[in-house]
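Working notes, structure below.
The values are calculated or read from the model by the stated rules, or taken from the named source; none is laboratory data. As the structure is a prediction and not an experimental result, all values here were calculated from the model. Heads up, the Cβs are rebuilt from the backbone with ideal geometry, glycines too, and the neighbour counts pull from every protein chain shown.
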């Protein structure tokens, strides 16, 4: 079975004297090797995710368990890092994620072999125009609805891109009418780089609580972001906007040995495709996208859905017991 695609990094650069950073002197001095271990683990999670790491209740428990440290100590270490500027305080207060200008710059540089990298507008701490001059790939800035706000391209590459775009538009205009006739109301356009958390809320699955965040992160760890987005899209087509259905689809694909679910359907590339998820609405993004018709995979069984609902109930009960233990 092929490894699911992901947006994060497989490794990240670490200076040999990074622990001498002025922003880390106090946290490491106060918490010693335990503080250093927690900071390194968070850095790993940040780069695994790309350039930021959500920091809410779910992540507090998960990190505490992984480093075998008291949850309150973990929170104190992170708070010290925020207070001293290792993580950006404003972004954390507004979006509950850990990131910094340095993390974003290193992510853009480390992802240099990709065609593009995507950053959320609200997280932005770097100057994308300046950073685009240092790399060959484009930097796409998206809004909370995953709609591209701007695309920054290295000036040395821009001439080439413009020429290719002109040729593409000429070819597309010739077959525009025939393509319009082929589009059906059930078609959904899914960008290749979609944040499943934003897609969850934008497509009406519900509001992301700490439990839902836990489930989505588990899906991403087990299947990858693109698998999760494809399963959510399949649920949308079926009119089943719930995680029980999504989980059953993911398990079905895995058990059937399907390497890339999106290759089972119509796969087309278009520079004039929609930015959004629904029926081609939205403006031009300039990014490769997939235009997909109904999914041929059989719907999950009631038994599969009930199994997921049972696991959700167990997770809620476990969290409740943990809270009771903490308050004793």
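A few remarks follow.
- Test for residue 32: is it on the phi > 0 side of the Ramachandran plot, assigned to a helix (DSSP H, G or I) and either at pLDDT 90 or above or not assigned by TED's automatic domain parsing to the domain that holds residue 126 (or both): yes
- Test: residue in region 99-114 that is surrounded by fewer than 16 Cβ atoms within 10 Å (Cβ to Cβ), touching a helix residue (DSSP H, G or I) at 6+ places or on another chain (Cβ under 7 Å) and at pLDDT below 95: no
- Residue 4 passes every criterion in (1) part of a loop (DSSP other than H, G, I, E, B); (2) in contact with a helix residue (DSSP H, G or I) (Cβ under 7 Å, 6 or more places away or on another chain); (3) at pLDDT 90 or above apart from (3).
- Among (1) more than 17 Å from the chain's Cα centre (by Cα); (2) on the phi < 0 side of the Ramachandran plot, the one test that residue 68 misses: (2)
- Residues that are in a strand (DSSP E or B) and within 19 Å of residue 59 (Cα to Cα) were ranked within region 85-137; the one that is farthest from the chain's Cα centre (by Cα) is 98.
- So residue 25, is it surrounded by fewer than 14 Cβ atoms within 10 Å (Cβ to Cβ) and either over 28 Å from residue 117 (Cα atoms) or outside the structural domain of residue 140 (by TED's automatic domain parsing) (or both): yes
- Yes/no for residue 12 being farther than 30 Å from residue 256 by Cα, in contact with a strand residue (DSSP E or B) (Cβ under 7 Å, 6 or more places away or on another chain) and not in a helix (DSSP H, G or I): no
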